[in-house]
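Remarks on the structure that follows.
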């Protein structure tokens, strides 16, 4: 659920803060007042395309920020992205600068926009006219059906996609082996040569870099020896200049006076610790001196090894790259050597995977058909309550060549009235019908796959009269289990709101927080009257507004019986 939305420098909204609550919240206001920009801000916040044209005139950056209630089951997901949650609430924000570039933040941590988009998929469903149009696309219809179908189809899809990837990988291996014979022999020769060198040299990870460092030390042994010797002399010199002697002298001087002032004991203890550290350092430096090997034999051995490793790594980044390549390609040796026999074995394996794939695809189709029947019945019942009595929708599945998502082409169809022909929804639905179908779909999905918040803009496009009242009822019904935020121009819809926000017409083309107000009682009647009659002081409009509110209240009481 979204608790609060803060907008700055977005379109006509210079700065505004909107408080939301559970249930149904509507935003109304005159055309051009900025209410649709609130919808755009939420769309932008949860992964919508950034556009510098959205930034207010004279500003260099737009900001959208929301306090979002996070359910406990999502805590780990948020924590995995470094997001901070305070008392169950996370702050989600997005900035857009005047170059069109944007930055997204989740719980105080900067994250890719794809992450806030994924967050939005789990928490919020944002629907505008473009989303209703997507309902006409075949791939969106498949996703819709699969989401409604739930775990059964989801599990089958996982199994199917594993087999699909295995089938594709086997096909690629077969293609590689059945390529030009000369190319295959060249691959075999290169692989055999590299493997024989690796097996002979037995290079260790990082060995080439380690030998390079050792060679640098070998070329500078005199300087290293001199530096280490000087350090040892300064630490333990035989004259009074040695650090060890100086430390011992200092400690003894303090020990001599310790009986006079007990506070000197702490300094004596610390000096002893430093003496121990100096002694250990002295010992380590002696070990370092003994390890300096400037013998010609070692240098010659090292250069020979370096040359061999360099030859092996030709065409690679380094020895680690060679070892990684060998790990991937060593299994191919048997395939390349096996020739036609290896290809035949791979083909048999691919055929076996294909048969298993077809079996799962058949189960997937059956599950989709069954889910489609339930979906059709549920949505058609909702449409009857949205002034589309007699209309029905259904899914038609056509067998196609198996792909990454199964062997079905999914098409959502509409029968607009009894005895009318069934037509694909993109051909048979008007704008108003498409809006109502989208709402009916969301009501049904909310029961099968609940989501925390729904945001609608233009859900009532092309709708009026009794149909608009029914849209309001369905939104109110959806709001019983989810938070619903609706930008609307219809009083029949606004009357059903639990919270009514009015965006006032901007003066000077800017909207500020003071112009986004929550209305109730008489103020709400006035706003509904304006929406009905276009006149805030219309007595007839006010009576119609009160009638609408009474209808909504009656519906609310009936719903809670």
Nearest 10 degrees is fine. How inclined is helix 113-123 to the longest principal axis of the chain, computing both from alpha carbons? 50
Volume of the Cα convex hull of the stretch 215-283, divided per residue and given in Å³: 82
A correct Kirkwood calculation over the Cα atoms of the stretch 77-175 returns a hydrodynamic radius in Å of 17.1
Note the angle between two axes, namely the Cα long axis of helix 151-177 and the longest principal axis of the Cα atoms of the chain, as a number of degrees from 0 to 90, rounded to the nearest 10. 50
From fewest to most C-beta neighbours within 10 Å, the residues 457, 293, 261, 67 line up as 261, 293, 67, 457
Scoring the chain by relative contact order with C-alpha pairs under 8 Å, at least six apart, yields a percentage of 22
Residues of the stretch 410-424 with amide N under 17 Å of a point placed 7 Å along Cα→Cβ from residue 384: 415-420
Which label in (i) 25.1; (ii) 30.9; (iii) 24.4 gives the computed Kirkwood radius over Cα pairs in Å: (ii)
Give me the angle, in degrees from 0 to 90, between the Cα long axis of helix 35-45 and the longest principal axis of the Cα atoms of the chain, rounded to the nearest 10. 30
Rg(Cα) / (2.2 N^0.38 Å) computed for the stretch 333-462, rounded to two decimals: 1.56
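How would you order 4-10, 196-202, 393-399 from highest to lowest mean count of nearby Cβ atoms within 10 Å? Don't skip to the end; give the middle numbers.
Working: 4-10: 20.7, 196-202: 12.7, 393-399: 17.0.
Ranked from most to least packed, the peptides come out as 4-10, 393-399, 196-202.
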Going by C-beta contacts inside 10 Å, put 56, 283, 416, 435 in order with the fewest on the left. 283, 416, 56, 435
Hey, what number do you get for the chain at 222 nm if only DSSP H runs of n ≥ 4 count, each worth -39500 (n - 2.57), divided across all residues, to the nearest 500? -18500 deg cm²/dmol
Footprinting proxy, 43, 212: sorted fewest to most Cβ within 10 Å, the residues are 212, 43
The stretch 210-358, Cα convex hull volume normalised per residue, Å³: 223
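No value in this document is a laboratory result; all are computed from the given coordinates. Quick caveat, the model's predicted, so the values are computed rather than measured. Every residue, glycine as well, gets a Cβ built from its backbone with ideal geometry; the counts of neighbours run over all protein chains shown.
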